[in-house]
Amino acid sequence: MQKMKQMYSGKAKSVYFTDQADYLILHFRNDTSAFDGEKVAQLDRKGEINNKFNAFIMQKLAQAGIPTHLERVLSDTESVVKKLKMIPIECVVRNIAAGSICRRLGVAEGLDLNPPTFEFFLKNDALHDPMINEYHIRSFGWATDEQVAKMKELTFKVNGVLQKLFADAGLLLVDYKLEFGLFRDQVVLGDEFSPDGCRLWDKETRKKLDKDRFRQGLGGVVEAYEEVAHRLGVDLSPL
Ligand code: ADP
Ligand code: UDP
């Protein structure tokens, strides 16, 4: 497969066309950002860890019957994925309160959410990814009702698979964000699942092992990502 010109460069990944119209190459960079790009840094090895972490998780999800865009890992920092028509919406499930829900609703970090709660956000940096509801999605035509139902179903199905996977590694899956797109009209999980887009706490100590270490200046960001990868059994050795 031939890597062709760049299609898009985001805050953490670059996307390349390939010589096959249905496939793209995702390049996971070391760039890390928070607060809509206000805080940025280069974190050594992060791109490689997230590429391999993401592939590991996407394979587990595929085995559980969740359609994903991942085709194969191409290099330490690149993966081949199906080219999706992305739906500009972020789907967030929260098992424990943390981050923006605490600020918005005045609840304490660490509160168990039973049942887990679900939120939609519009993917729009200029507007700071505002929270939206299903009526907005319908009125503005961002997705059909059927696609919305599928995104919710798949996002909760991911919760069932990953809560168990992380629990077995001594980790709490606090919350996570998923992005979906369309491949030949099918709703498919795209983008990435890594500690950049979820919250993971040690089950016993509740130590943060995700991007909150970067957001909150706690240090040891990459070391935390590596620890999570090792606990799960992700192979981080060079390809
Ligand atoms: P951002 O755009 O938020 O800065 P990234 O740096 O992660 O985020 O950029 C990756 C971009 O690629 C995102 O906009 C994401 O929606 C998009 N993307 C992820 N997977 C696919 C895919 N399979 N097909 C097309 N676009 C994708
Ligand atoms: N998240 C993300 N990208 C975003 C916004 C949120 O990956 O643009 C993830 C974030 O890492 C967390 C979950 O979605 O795991 C919920 O994020 P929250 O709404 O609490 O926002 P935050 O306070 O993290 O900005």
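Couple of notes before you dig in:
- Peptides 28-36, 212-220 ordered by average Cβ neighbours within 10 Å, highest first: 28-36, 212-220
- Alpha-carbon Debye profile of region 1-108, log10 I(q)/I(0) at 0.10, 0.12, 0.19, 0.20 Å⁻¹: -0.37, -0.53, -1.15, -1.21
- In plain terms, the chain is cut at each of the GluC sites (Glu not before Pro) found in a DSSP loop with at most 12 other Cβ atoms within 10 Å, and the longest leftover piece is 39-203.
- Ellipticity at 222 nm from helices only: DSSP H runs of n ≥ 4 in the chain, each -39500 (n - 2.57), divided by the residue count, give -9000 deg cm²/dmol.
- Once the Cα-Cα distance is subtracted from the 0.36 nm per residue extended length, the residue 44 to residue 152 segment shows a gain of 35.4 nm.
- Applying 1/(1 + (r/R0)^6) with R0 = 41 Å to the Cβ-Cβ distance of residue 207 and residue 126 gives a FRET efficiency near 0.75.
- Surface share of carbon and sulfur [accessible, 1.4 angstrom probe, percent] for the chain: 51
- Potential lengthening between residue 215 and residue 185 on full extension [0.36 nm per residue; Cα-Cα distance subtracted]: 7.2 nm
- Here is the size of the chain from its Cα atoms: Rg then Dmax, 17.1, 50 Å.
- Largest-first ellipsoid semi-axes for region 171-222, taking √(5λ) over the Cα gyration tensor eigenvalues, angstrom: 28, 12, 6
- Relative packing of 56-62, 8-14, which averages over residues the other C-beta atoms within 10 Å, highest first: 56-62, 8-14
- Structure remark: mean-square fluctuation, Gaussian network model of the chain, C-alpha springs under 10 Å; the largest value among 47, 37, 190 belongs to 37.
The values are calculated or read from the model by the stated rules, or taken from the named source; none is laboratory data. Fair warning: this is a prediction, and the values are worked out from it, not measured in the lab. Neighbour counts are summed over all protein chains in view; Cβ atoms, including those assigned to glycine, are modelled from backbone coordinates with ideal geometry. Protein only, heavy atoms only, side chains kept; ligands, DNA and RNA dropped before computing areas. Shrake-Rupley method; radii C 1.70, N 1.55, O 1.52, S 1.80 Å.
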